[in-house]
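Participant: Sharing a structure here in structure tokens format.
The values are calculated or read from the model by the stated rules, or taken from the named source; none is laboratory data. Quantities reported herein were computed from a predicted structural model and do not represent experimental measurements. Glycine gets a Cβ as well: all are built from the backbone with ideal geometry, and neighbour counts include every protein chain shown. Heavy atoms of the whole protein, side chains included, go into the accessibility calculation; ligands, DNA and RNA do not. Shrake-Rupley method; radii C 1.70, N 1.55, O 1.52, S 1.80 Å.
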Amino acid sequence: MKKIGVFGSAVDSQDSLNQKSRKLGEQIARTGNSIVTGACTGLPLYAVLGAKSLGGYSIGFSATYSQEKHRSVMGTSPELYDSIILIPEDYKYKDNVQVCRKYRNVESVAACDAAIFISGRWGTLNELSNAYDMNKIIGILSDTGGVTDHVQLLLDSFKKETKSQVFFEKDPLKLIDIISQKLQ
């Protein structure tokens, strides 16, 4: 079982994007892979709900150091995840949620074998740059707005060589199938 991360906006999700994200999660479960997210609301939550609806395994990386803090800060239930990874209690910046979100981004992307991106804003861009620098297999769900509409321009502009492979696809089911094949 491989770990596929789903990264996208934790806020401002439209119903059409929520449904696409849910389909990503469902297809991750269908292909026998586990889903990794930042354990937040929005598009990543819909992907987890899709995976869980088909019995998929979910791993959530929280930007908090306790399950109680997770509920209030992240807005999701820790029980939704088969495994929840918290910030270490002795982390120097554990009370600075902005720093902890970036810590969580690095950890969650590092734990993935592949990373899928849907829409997104600054946090998603951070996760994307991490995935690219970490040589991950990357799937971009095209035509979903936000960061994903600018990925090709960023790749063309910066011309940084890594071992990452980046795939663009409009259909969530096809995108997961492409990524699953690349993971074999």
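Participant: Any idea which residue in the range 47-63 is nearest to F117 (Cα to Cα), counting only those that are assigned to a loop (DSSP other than H, G, I, E, B) and open to solvent by 50 Å² or more (accessible area, probe 1.4 Å)?
Facilitator: That would be Y57.
Residues are listed down the side, and each one gets a yes or a no for (1) within 20 Å of G123 (Cβ to Cβ); (2) open to solvent by less than 60 Å² (accessible area, probe 1.4 Å); (3) under 13 Å from the mean Cα position of the chain (by Cα):
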{"position": "A10", "(1), (2), (3)": "yes, yes, yes"}
{"position": "Q19", "(1), (2), (3)": "no, no, no"}
{"position": "Q27", "(1), (2), (3)": "no, yes, no"}
{"position": "G32", "(1), (2), (3)": "no, yes, no"}
{"position": "I35", "(1), (2), (3)": "yes, yes, yes"}
{"position": "L45", "(1), (2), (3)": "yes, yes, yes"}
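Participant: Can you go through S108, S83, S66 and tell me which one is of a type in the set (S, T, Y) and either without any contact (Cβ under 8 Å) to a residue 12 or more places away in the chain or open to solvent by less than 10 Å² (accessible area, probe 1.4 Å) (or both)? Can you show your working first?
Facilitator: Values: S83 fails: either without any contact (Cβ under 8 Å) to a residue 12 or more places away in the chain or open to solvent by less than 10 Å² (accessible area, probe 1.4 Å) (or both); S66 fails: either without any contact (Cβ under 8 Å) to a residue 12 or more places away in the chain or open to solvent by less than 10 Å² (accessible area, probe 1.4 Å) (or both).
Unique residue meeting the criteria: S108.
Participant: Looking at this structure, is K3 basic (K, R) and under 11 Å from the mean Cα position of the chain (by Cα)?
Facilitator: Answer is yes for this residue.
Participant: If I filter the range 52-72 down to residues being aliphatic (A, V, I, L, M) and within 21 Å of E107 (Cα to Cα), which single residue comes out as nearest to the chain's Cα centre (by Cα)?
Facilitator: Top of the filtered list is I59.
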